[in-house]
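Below is one structure; the comments refer to it alone.
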Amino acid sequence: MTTSKICNELGFSSRTLERYRKRKPDNNPFPEPDITAAGAPNKWYRHRVIAWQEAETQIERAKPFSSLHNPRSERGRFTQQSGV
């Protein structure tokens, strides 16, 4: 699979793919390309992309808008939680 095919199928940009590749090892980085050549697109084996995608769905992430339930002051501003 080429970079453009991966991005089209997974629904993100090539820049996002590069960010995923640069993640730290404990944060499920995108695998390095299996085939690279000067002047040619990077290529990955489909089974490695699918394995990465399955591992990505298993990671616990904060739910969107969960910070809206944080404590607020009487003026409606977010307040610091103790111990931070």
ask   = Computed FRET efficiency, Cβ-Cβ of THR57 and SER13, R0 22 Å: what is it to the nearest 0.05?
value = 0.65
ask   = Using only helices, what value at 222 nm comes out for the chain when you add -39,500 (n - 2.57) per DSSP H run of length 4 or more and divide by the total residues, to the nearest 500 deg cm²/dmol?
value = -9500 deg cm²/dmol
task = Round to the nearest 10 and give me the degree value, 0 to 90, for the angle of helix 46-57's Cα axis relative to the longest principal axis of the chain.
result = 10
task = Run the dipole for the range 3-57 about the Cα centre, Lys and Arg Cβ at +1, Asp and Glu Cβ at -1, nothing else charged, and hand back the magnitude in debye, nearest 20.
result = 160
ask   = Per residue and in cubic angstrom, what volume does the convex hull of the Cα atoms of the chain have?
value = 148
message = Along the Cα→Cβ direction, 7 angstrom out, place labels at THR3 and HIS47. What is the inter-label distance in nm?
response = 2.6
key: Computed E for ARG72/ARG21 - FRET, C-beta separation, R0 41 angstrom, nearest 0.05   = 0.60
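Any read-out appearing in this document is the output of simple, stated calculations on the displayed coordinates, not a laboratory observation. The shown structure was predicted, so the numbers you read here are calculated from the model rather than taken from an experiment. We place every Cβ from the backbone using ideal geometry, glycine too, and count neighbours over all the protein chains shown.
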